[in-house]
């Protein structure tokens, strides 16, 4: 199934292919995810395509520096990023997907505060 989405101002737009529902989404409690409310829809990067906004993003790294948090440089929304847990994947913020409320979603808690232990369970 194809989904589309983007940032608040519309400069950044993407499309992705996901399996038909239920779609598993991770609700992480690490410092950045708990502050932003990011809900992770993780897919292989081969199933993701940035449609607009390549030049309109900025990247933030912290901690190990492995995750690349990508934000719209105009509105500040992180609609997707490259997580350290899935280096060949993209994590899409569920709430940045157009009409996300209509998707069959299963939200699963993820203990990002204890990242090493939680990663082992992935």
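The values are calculated or read from the model by the stated rules, or taken from the named source; none is laboratory data. Because the structure is predicted, anything quoted here is derived from the model rather than measured. All Cβ positions, glycine included, derive from the backbone under ideal geometry; neighbour counts span all protein chains shown.
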| Quick one: residue 81 ticks every box in (1) closer than 19 Å to residue 24 by Cβ; (2) without any contact (Cβ under 8 Å) to a residue 24 or more places away in the chain; (3) in a loop (DSSP other than H, G, I, E, B) bar one, so which box is it? | (3)
| query | Can you tell me which residues in the range 29-43 are over 21 Å from residue 1 (Cβ atoms), under 13 Å from the mean Cα position of the chain (by Cα) and without any contact (Cβ under 8 Å) to a residue 60 or more places away in the chain? | reply | 32, 36, 37, 38
| query | Given (1) over 14 Å from residue 100 (Cβ atoms); (2) out of contact with any helix residue (DSSP H, G or I) (no Cβ under 9 Å at 6 or more places or on another chain); (3) free of Cβ contacts under 8 Å to residues at least 40 places away in the same chain, where does residue 1 come up short, assuming only one miss? | reply | (1)
| request: Give the number of residues within the range 63-77 that are touching a helix residue (DSSP H, G or I) at 6+ places or on another chain (Cβ under 8 Å) and either surrounded by fewer than 18 Cβ atoms within 10 Å (Cβ to Cβ) or modelled with pLDDT of 95 or more (or both). | output: 4
| Residue count for the range 111-122, restricted to those that are exposed (fewer than 15 other Cβ atoms within 10 Å of the Cβ) and in contact with a helix residue (DSSP H, G or I) (Cβ under 7 Å, 6 or more places away or on another chain) | 1
| field | Selection within the range 11-28 - touching a residue at least 40 places away in the same chain (Cβ under 8 Å) and either under 14 Å from the mean Cα position of the chain (by Cα) or closer than 21 Å to residue 53 by Cα (or both) | value | 11, 12, 13, 14, 16, 23, 24, 25, 26, 27, 28
| query | Take the residues of the range 2-37 that are at pLDDT 95 or above and in a loop (DSSP other than H, G, I, E, B): which is nearest to residue 111 (Cα to Cα)? | reply | 18
| query | Of everything in the range 85-110 that's touching a residue at least 24 places away in the same chain (Cβ under 8 Å) and either part of a helix (DSSP H, G or I) or out of contact with any strand residue (DSSP E or B) (no Cβ under 8 Å at 6 or more places or on another chain) (or both), which residue is surrounded by the fewest Cβ atoms within 10 Å (Cβ to Cβ)? | reply | 95
| If you take the residues in the range 81-96 that are in contact with a helix residue (DSSP H, G or I) (Cβ under 7 Å, 6 or more places away or on another chain) and at pLDDT 90 or above, which one is nearest to residue 52 (Cα to Cα)? | 90
